[in-house]
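Reading through the structure tokens given below for one structure.
The values are calculated or read from the model by the stated rules, or taken from the named source; none is laboratory data. Source: prediction; values computed, not measured. Because the Cβ atoms are built from the backbone with ideal geometry, glycine has one as well, and the counts that use them run over all protein chains shown. The area values use the complete protein model at the heavy-atom level, side chains included, leaving out ligands, DNA and RNA. Shrake-Rupley method; radii C 1.70, N 1.55, O 1.52, S 1.80 Å.
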Amino acid sequence: MLPKDGLSGIFVREISQDMIKDSQALITEKESWKEYYLLSLKSPGIAQQAKPGQFIMVRIDPQPYPLLRRPFSIHSKDEENIEIFFQKTGSGTALLAQKEINDSLDILGPLGKGYKVDPGFKGKTVIMVGGGRGIAPLYFLAQELATLGAEVKIFYGAKSLSDLCLKDKFERNDFKLFYSTEDGSLGFKGLVSDFLAEKLPSLAPEFMYSCGPEAMMEKIAQIAMEKEIPAEFSLESIMGCGFGICWSCVRRIRQEGQETWLKICEEGPVFSKEQIIW
Amino acid sequence: MTDLSVDLGFLKLKNPVIAASGTFGYGLELAPHIDLRQLGGIVTKGLYFNPRSGNLPPRLAEASAGLINAIGLPGIGVERFSEEILPQLKGYDTAIIVNVCGESDDEYISVVDFLNQKEGISAYELNISCPNVKKGGLCPALDPQATFSVVSSVKKKSSLPIITKLSPNVTNIEEIALSAQDAGSDGISLVNTFLALAVDVDTRKPKLANLFGGLSGPAIKPLALRMVYQVASRVKIPVIGLGGISSGQDALEFLIAGAKAVEVGTANLVDPEATLKVIQELQEYCQKKGIAKIEKIVGTLKC
Ligand SMILES: Cc1cc2nc3c(=O)[nH]c(=O)nc-3n(C[C@H](O)[C@H](O)[C@H](O)COP(=O)(O)OP(=O)(O)OC[C@H]3O[C@@H](n4cnc5c(N)ncnc54)[C@H](O)[C@@H]3O)c2cc1C
Ligand SMILES: Cc1cc2nc3c(=O)[nH]c(=O)nc-3n(C[C@H](O)[C@H](O)[C@H](O)COP(=O)(O)O)c2cc1C
Ligand code: FES
């Protein structure tokens with residue numbers, strides 16, 4: 001049993017009007033690198049509503065295996081399409097990786113609350129730190145903030161150069177990129193959080209964003225705490241539904257000074273550094 | 001058009017498809033997305049007297065064609081339920097069935113006592129079978145005497161019909177069903193989830209913080225169907241069948257096996273429109289087969 005406190009966190013909300021079920025989202029483009037995949041899905045309704053940091057739930061197959069939908073961040077969008085960028089990590093993502101152009105997927109979205117996109121960031125520096133597949137939502141966010149006129153600096157870390165598969169894609173935009181690899185095959189050798197700590201004094205960001213492994217985000221949150229820089233993080237949790245009815249995705253979150261259990265799918269997946277209990 | 005309505009004796013439903021407890025929130029959450037008035041009924045999320053936060057995460061693990069959950073019945077308690085939820089639910093013309101939980105017979109009674117005076121509830125579904133909640137490791141649904149005790153004491157206090165929801169984790173389901181009937185239950189629903197375990201081979205830890213969870217979804221359908229048949233063949237009170245239903249065909253199998261109505265659970269998590277799909281497919285089947293009234297096929301298994 002959970003502690004009896006924090007019960008105020010049990011919200012009952014109507015599921016966002018924005019959620020759309022698109023059972024015929026056509027795969028229009030596909031790219032792959034090692035165990036990473038990029039799919040472009042034609043889904044005008046979802047594309048129109050999508051905000052950076054939000055996610056979709058993908059039904060990988062109409063048969064009951066895998067039964068549950070899988071959550072993926074919205075990696076980018078245009079008027080008609082959204083993209084997802086994913087890593088093959090288990091049975092569901094392995095099946096998804098086999099889907100080809102002209103196959104269609106049943107998707108639900110956009111879901112959750114996204115990252116803060118503030119017009120006040122115009123002319124200011126914002127930093128994004130993505131590790132491995134955690135880079136996925138940051139592309140969409142970077143594009144939106146760049147459009148607003150923010151100076152976007154992206155720390156993109158991975159094990160090795162061959163895992164930095166979105167490098168070329170990011171470089172086609174007007175973002176400043178900082179690479180780190182654990183084996184030193186490109187950029188800073190070591191952890192992206194150490195690289196960030198080294199570079200931070202010269203960057204003076206207005207805001208920081210991150211997505212990636214928890215251990216990495218925790219270190220970044222510590223740095224943000226020390227330097228008193230506002231920061232937001234995207235969390236993962238096992239999700240039975242993704243839209244708020246199963247209560248499987250809860251995590252302990254600080255809200256208005258109180259610790260409470262919140263549904264990540266509905267109240268997140270993005271939370272501020274003050275809210276997250278690592 | 002086929003007449004899809006079914007009469008449980010104590011409750012008339014416009015069609016036999018009900019949303020199952022714990023997989024449809026309190027009902028209102030989905031109101032912006034599906035027309036609740038089309039449903040035969042809604043069983044709300046399990047309700048204890050006081051608010052509760054549930055089990056520690058991870059609370060869910062996927063299994064082959066199923067899922068194992070140990071959500072632990074978090075909920076808002078009777079007060080908030082009757083203030084925030086019920087008045088709004090009343091506006092939808094569908095049967096509202098409240099899933100009643102308790103850690104003791106007294107708690108079941110206090111929930112029912114509190115809700116008796118409220119408007120908008122059609123029946124109570126007594127969740128005596130949740131495998132997640134430890135009551136000295138046992139829940140009333142596992143024992144005929146304990147079942148009799150809780151059902152009869154709630155029945156005495158209740159101003160509404162009672163559906164007793166059975167656990168499949170027993171050797172003799174008919175015995176428990178007969179106990180519930182003897183205790184005055186107006187109907188029976190089955191099944192709740194099957195006690196299950198999921199293991200992470202890398203960490204050699206259970207995948208759920210709670211160790212055990214309850215298996216639901218397509219994986220349990222044949223087991224559930226067998227139990228529904230066994231119970232429906234033995235009791236006189238109406239039976240509501242559930243376990244792995246996600247299509248009109250699944251629902252028909254339960255109706256033919258003897259269920260007067262069905263509940264759709266896990267399928268709602270995968271497809272929020274699952275209940276509507278089941279209703280539509282039932283309608284299509286009956287039309288194709290020239291069945292004028294769906295009640296006609298209840299309990300028609302030829303053996
Ligand atoms: C909000 C959110 C956004 C995400 N965005 C991305 C993304 O953009 N790109 C990407 O590669 N991955 C992303 N993930 C993680 C991705 O959902 C999992 O890697 C994926 O579900 C694994 O499925 P599987 O069947 O391959 O793995 P399995 O291990 O076979 O999955 C078994 C079950 O566990 C769940 N599960 C396993 N790992 C995770 C995880 N890390 N987080 C949540 N559930 C998990 C699965 O959904 C499934 O229900 C995101 C997760 C969340 C919660
Ligand atoms: C996430 C989840 C939560 C559930 N919560 C409840 C509950 O609160 N009360 C209850 O009686 N049954 C609960 N159940 C059990 C279902 O109502 C149903 O009996 C079971 O899942 C079998 O049906 P299904 O295979 O269609 O899901 C829950 C099941 C799931 C998957
Ligand atoms: S995933 Fe179902 S409530 Fe969050």
Residues of segment A:29-63 with amide nitrogen under 13 Å from the 7 Å Cα-to-Cβ point of A:E79?
-> A:44-45, A:48
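Translational D (Stokes-Einstein, µm²/s) of the protein assembly as shown at 4 °C and 1.567 mPa s when Rh comes from the Kirkwood sum over C-alpha pairs?
Numbers: Rh = 25.1 Å.
D, rounded to a whole number, is 52 µm²/s.
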Probe 1.4 Å, protein heavy atoms only - accessible area per residue of segment B:160-303 in square angstrom = 41
So how far, in whole Å, is the C-alpha centre of segment A:34-49 from the one of segment A:242-278?
-> 26
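If you restrict to DSSP beta bridges whose two residues both lie in chain B, what percentage is antiparallel, to the nearest 5?
Among the beta bridges of chain B, antiparallel pairing accounts for roughly 35 percent.
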For A:R251, what is the net charge nearby, where nearby means another residue's Cβ is under 13 Å from its Cβ and Lys, Arg count +1, Asp, Glu -1?
-> -1
Would you mind working out the accessible area per residue for segment A:68-147, using a 1.4 Å probe, and quoting it in Å²?
-> 36
Shielding by other protein chains, A:64-72, mean Cβ within 10 Å = 6
Residues in segment A:228-275 occluded by at least 20 Å² - accessible area, probe radius 1.4 Å, against chain by itself | A:I238, A:G240, A:F243, A:I245, A:C246, A:W247, A:S248, A:V250, A:W261
Among A:P230, A:P64, A:P110, determine the one that fluctuates most according to a GNM of chain A built with springs between C-alpha atoms less than 10 Å apart.
-> A:P64
Using only Cα atoms, locate the centre of segment B:63-107 and the centre of segment B:233-273, then give the distance between them in Å, rounded to an integer.
-> 19
Rounded to the nearest 20 Debye, what is the dipole magnitude of chain B about its Cα centre when Lys and Arg each give +1 and Asp and Glu each give -1 at the C-beta?
-> 440
Dipole of chain B (Lys/Arg Cβ +1, Asp/Glu Cβ -1, origin at the Cα centre): which of B:L252, B:A196, B:T23 lies farthest to the positive side?
-> B:L252
Neighbours of B:V262 by Cβ distance under 10 Å: Lys/Arg at +1, Asp/Glu at -1, summed charge -2
On complex formation of A with B, accessible surface lost, both sides summed, probe 1.4 Å, nearest 100 Å², amounts to 3300
Before anything else, pin down the relative contact order of chain A: Cα pairs under 8 Å, at least 6 apart, normalised by residue count, whole percent.
-> 18
Taking A:W278, A:W33, A:W247 and ranking on accessible area (1.4 Å, protein atoms only), highest first, one gets A:W278, A:W33, A:W247
Where segment A:235-278 is the region considered: accessible area per residue in Å², 1.4 Å probe = 32
Whole-percent carbon and sulfur share, accessible surface of chain B, 1.4 Å | 51
Provide the percentage of antiparallel DSSP beta bridges, counting only those with both residues in chain A; round to the nearest 5.
-> 60
Restricting segment A:54-120 to GluC sites (Glu not before Pro) in coil, as DSSP defines it, with at most 10 other Cβ within 10 Å | A:E79, A:E100
About its Cα centre, segment A:9-111 carries a charge dipole, from +1 on Lys and Arg Cβ atoms and -1 on Asp and Glu Cβ atoms, whose size in debye to the nearest 20 is 360
Between A:A215 and B:R234, Cβ-based FRET efficiency (R0 41 Å, step 0.05) works out to 0.15
Unit charges on C-beta of K, R, D, E only; dipole of segment A:119-228, Debye = 240
Any idea which of B:N50, A:L235, A:Q48 is furthest toward the positive side of the dipole for the protein assembly as shown, if Lys and Arg beta-carbons carry +1 and Asp and Glu beta-carbons -1?
-> B:N50
With a 1.4 Å probe on protein heavy atoms only, tell me which residues of segment B:50-65 lose at least 20 Å² of accessible surface in the complex relative to the chain by itself.
-> B:P51, B:R52, B:S53, B:G54, B:N55, B:L56, B:P57, B:R59, B:L60, B:E62, B:A65
Partner shielding of B:26-32, as the mean number of partner chain Cβ atoms within 10 Å, equals 4
Set the Förster radius R0 to 41 Å, insert the Cβ-Cβ distance between B:D113 and A:L161 as r into 1/(1 + (r/R0)^6), and round the FRET efficiency to 0.05.
-> 0.05
Residue mean of other protein chain beta carbons inside 10 Å, A:171-177 = 0
Could you give the longest part of chain A that holds none of the trypsin sites (Lys or Arg not before Pro) found in DSSP loops with at most 13 neighbouring Cβ atoms within 10 Å?
-> A:173-278
Expressed as a rounded percentage, what relative contact order does segment A:9-111 have, with Cα pairs under 8 Å and six or more residues apart?
-> 40
Taking all protein chains as present, what is the carbon and sulfur share of the accessible area of chain A, in % to the nearest whole number, probe 1.4 Å?
-> 47
